[in-house]
Amino acid sequence: MLSIRIENNTPALKVDFRLPMGTLSAIVGPSGSGKTSVLRAVAGLLAPSHSLISFDNDIWTDTETRYFRPCYQRPLGFVTQSFGLFPHLTAAENVGAALTHLPRRERGLEAQRFLELVGIGGLADRRPSELSGGQSQRVAMARALARKPRLLLLDEPFSALDHSTRKRLRVELKRLQDALAMTVLFVTHDLDEAAELSQTMVLLRRGQVVQQGPTRELLRRPSTVEAARLMNFANLAKAEWVDSDSSGITLRWGDVLLKAETGPKSPPEGPIYWTIRTTDVFLVKDGHPDESSLGTILSADVTEIIEMGSSVLVSVIAARGGGELLRLRLRPGALHRHNVSKGSQIRIALNAQSLVLLQS
Amino acid sequence: MRNWRTCIAVLFFWSTGPFYSVPAFANGPIVAAAASIRPALEELSARYNQVTGQSVRLVFGSSGTLANQIVNGAPYALFLSANTAYVQWLVDLGFTQGVPVTYASGVLALYSRPGLLGQTENPLLALGNALEGGTIKRLVIANPEYAPYGSAARAALEHAGTWVQAKQVLLVAANAGQAVQYALEGDVDVAFVPMPLARLAELQKTGHLQALPSEAFPNVELDQQMVLLPDADQKTQEFFAYLQSIDSREIFSRHGLGAPALISPNLQH
Amino acid sequence: MDWNAFNLSLQLAAWTLALLLPIGVVTGRWLARTQTLARPWLQAFFALPLVLPPTVVGYYLLIFTGTRSPLGELIMSWFGVSLVFSFPGLVVASILVNLPFAILPVQRAFEVVSSELYDAAACCAMTPWQTFTRVEMPLAWPGVLSAAVLTLGHTLGEFGVVLMVGGNIPGETRTLSIAIFDRVQAFDPLAAGQMAGFLLLISLVTVALGYGVLEKRDQRKRRSA
């Protein structure tokens, strides 16, 4: 387990979380949220005022006992945003720089092996100034992997690359992680990237953890309004807690009663918020055999239709709801089949399982 | 690889050379002397070597600088000054051994550009006239504040009543040696210079050089004293004695220095 | 031609280089990397010898390390050497006077090594010494060479400090530049001119060689870029 606890003033950080070993974890947050600082603290490049960092029960930083293991003694590899390649060395020599414990001949061979592993075996004699962004990234990756680290840290490794290279490298990262059985911790501001690659996710904002847990969990069930906002949940509405029973929690949203499967059993302090994924809001077709199984059904007026490639985002206002806009995602075909257009009235269904209750 | 090692070994021994040099007296005592008596002393030390087989090392500078160096630990054994004030200073501070001895008397010379003053028995008078007439654009003396030849020059001008006028065209050199240099290279009409240095620079070839009698600058002594310093050893004392011999007297005078006014009781011959 | 004096000048230059370059590298590197607020003051302090007349530096060295001073006495009792009118004294004076030449170019050179590279080296499990030898020095060596060339040239021609601190003792502190001065004082312009010409030639060749090496490196870089 990678255990990270940091308290620091500049940069302002207050985090405390644990990540499972052998998985690919992502730290996600907007710029300035402190993600890079957390990574640097784990790497040993930053010495926070209060901190306890340990990897698989091996303590790396402990301000209580004034213990700080220098970066070069931690079994990790680090790929930074701008790669940090040594300009005076060739690609092979750059990778070799991580292999100072080997004699020169072996160093060259190992370096070549890793360059081939990341797919650029033929560029061994090029200097960083002669490499493209994607190639430099791979050299940096090979260098970080060369010493077979137990922990691999990546700081926005793909942000400087073009779209297609990015996609390709994401796949390769997954492949490498499987092959080398490392723990990988990478930082990104791109939620989609995190969603695609990581098994565990930590949401960070202004130096503090907003939510953390298995990625799928987080993506489906944000715990707070802040988390929902960070994960770009399009639907967010305020409601009142009414009742709780064996089937779930009842809320009042405007004039309607909604049902959520999970939530606080007793009335919470202050207002309660709820969200639902745009893909979980269903368009109710006339003539549906068993409407009651769909959840709460509401009438709504379509206010906006935005076609975005392979899906359509439809904004509606529920007639008797709380007033907040709801958005649902449809396939373009469905749009035309059901004559959905701006101003028309449709019926939507909110399923109790998909409704997520949030604390503020 | 072997080449590298020998290279480095050689380099090492070469570079530490100066650190092996034994204390200053291994090659003969160091004699510090005023720059103005350089030619005389160089000949004297060569003669001394001829006669006795011993050698001394000579260091020249302005009397003031040398005195300062002595006070700060310079490894000199004997000091020949051109300014008695510094010798007295050293005696007062306790940096000397024995009693100072006057080895010679300085001679002040008036140098002038050819044809400027003409052949005359009274060069100072002629100088005064030339100053009145405005034919003198530049007159050089050593700094009267601390160079004895400078204060002698000033005394001479004051005595001749031409100091005020001289000041208008005055150029003050840092020391007597520099006064000679100006006379040699500069656009100088008149210069008051020490005779020995003037002779060395062969000023008599580029202009008119005339010695001034000591009456011309009353109240200024150009006596030159020498004194043994605490580091003086037997060899130094021998050289010290030699400098007071008739031989030395003759060589000094040949270089334009007068005999000492008093015969020193330390005279050995 | 006073070969003894020339030899002395070379030895002085060699010792100054040997002792000052490590000092320059350590100090220049520290100045480049430190964040302390006192940095501009420290830089100004190390640049002082550039603005002080060498004779002034020499004079104060004489006062503070001469045999009359407490420091001078201490050094004499500990090491048995005097720091004035001796070759070791010249070396010390030369080191002090050449500090800016040894520190400034090195500092500029190390400033170019970005902190990103230091981080990367640490993440490659390189110890601080390995980082220094494999990353920092290969990138900063032109600055060190520059410092060496400047120091060498400056020391060969150094006069004011040497005269003050060393006197003019033949065989010990009469370097070539002092010997030239000596000949001028003796109204021997021919000898002075000869030695001066020789010194000029040596200095020119040395500095040109130094810059030549830097040129070649730049050319190589440009070609491979």
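No value in this document is a laboratory result; all are computed from the given coordinates. Remember, it's a predicted structure, so these values are computed and weren't measured experimentally. All Cβ positions, glycine included, derive from the backbone under ideal geometry; neighbour counts span all protein chains shown.
Before moving on, here are some points about what is shown:
- Among beta bridges from DSSP that stay inside the protein assembly as shown, the antiparallel ones total about 70%.
- Listed residue (C:Pro128, C:Ile75, C:Ala147) projecting farthest to the positive dipole end of region C:3-224, Cβ model: C:Pro128
- Taking the number of Cβ atoms within 10 Å of each Cβ as an exposure proxy, the fewest-first ranking of A:Asp301, B:Asp189 is A:Asp301, B:Asp189.
- In terms of the mean number of neighbouring beta-carbon atoms within 10 Å, the peptides B:205-212, A:45-52, A:308-315, C:168-175 order highest first as C:168-175, A:45-52, B:205-212, A:308-315.
- Shielding of peptide C:131-139 by partners, expressed as the average count of other chain Cβ atoms within 10 Å per residue Cβ, is 2.
- Each residue, A:Ile317 and C:Lys221, gets one label point 7 Å from its Cα in the Cβ direction; the gap between the two is 6.5 nm.
- Cα-Cα over 19 Å, subset of A:Lys148/A:Lys174; A:Lys35/A:Lys174; A:Lys14/A:Lys35; B:Lys137/B:Lys167; A:Lys285/A:Lys342: A:Lys35/A:Lys174
- Cβ-placed point charges (K, R +1; D, E -1), dipole of chain B about Cα centre in debye, nearest 20: 840 debye
- Per residue, the Cα convex hull of region C:3-224 amounts to 149 Å³.
- Loop trypsin sites (Lys or Arg not before Pro), region A:216-293, which have at most 16 other Cβ atoms in a 10 Å radius of their Cβ (DSSP): A:Lys265, A:Lys285
- Within straight-line cross-link reach of A:Lys259, aspartates and glutamates at Cα separation under 13 Å, skipping those fewer than 8 residues along the same chain: A:Glu240, A:Asp243, A:Asp245
- Estimated dipole of the protein assembly as shown in Debye, rounded to 20 [Cβ of Lys and Arg +1, of Asp and Glu -1, Cα centre]: 3140 debye
- Under 11 Å, Cβ to Cβ, from A:Leu180 - net charge with Lys/Arg +1 and Asp/Glu -1: +2
- Here the dipole of region A:267-310 is about 100 debye; that uses its Cα centre as origin and unit charges on the Cβ of Lys and Arg (positive) and Asp and Glu (negative).
- By the rule of a C-alpha distance below 24 Å, with chain neighbours fewer than 8 residues away ignored, the lysines paired with A:Lys265 are A:Lys238.
- Estimated [θ] at 222 nm from DSSP helical runs (n ≥ 4, -39500 (n - 2.57)) normalised by residues in the protein assembly as shown, nearest 500: -13500 deg cm²/dmol
- Residue-count net charge about C:Gly197 - beta-carbon cut-off 15 Å; Lys, Arg +1, Asp, Glu -1: -1
- Longest site-free stretch - chain A; sites: GluC sites (Glu not before Pro), DSSP loop, at most 11 other Cβ within 10 Å: A:65-268
- Counts of other chain beta carbons within 10 angstrom of each beta carbon in peptide C:180-189 average 4.
- Each of the GluC sites (Glu not before Pro) that DSSP puts in a loop and that has at most 13 other Cβ atoms within 10 Å breaks chain B; the longest unbroken stretch is B:1-120.
- Per-bin percent of Cα-Cα distances, chain A [10 Å]: 5, 21, 24, 21, 15, 10, 4, 0
- Top of A:Ala319, A:Ala227, A:Ala12 by mean-square fluctuation, Gaussian network on chain A, Cα under 10 Å: A:Ala319
- Extreme residue, positive dipole direction of the protein assembly as shown, given options A:Ser315, B:Leu127, C:Asn7 (C-beta unit charges): A:Ser315
- Averaged over B:171-182, number of beta-carbon atoms from partner chains that fall within 10 Å: 1
- Under 5 Å from the amide H of B:Ala259 lie the amide H atoms of B:Ser105, each residue being 5 or more positions distant or on a separate chain, with H modelled from the backbone and absent for Pro and chain starts.
- Shape category assigned to the protein assembly as shown from the gyration tensor of Cα positions, a/c cut at 1.5: prolate
- Peptides B:170-181, C:176-187 ranked from most to least packed give B:170-181, C:176-187, packing being the mean of other C-beta atoms within 10 angstrom over each peptide's residues.
- Counting charges near B:Leu124 (Lys, Arg +1; Asp, Glu -1) among other residues having Cβ under 12 Å from its Cβ returns a value of -3.
- When chain A is described by a simple charge dipole with +1 on each Lys and Arg Cβ and -1 on each Asp and Glu Cβ, the residue from A:Ser247, A:Leu145, A:Ile27 located farthest towards its positive end is A:Leu145.
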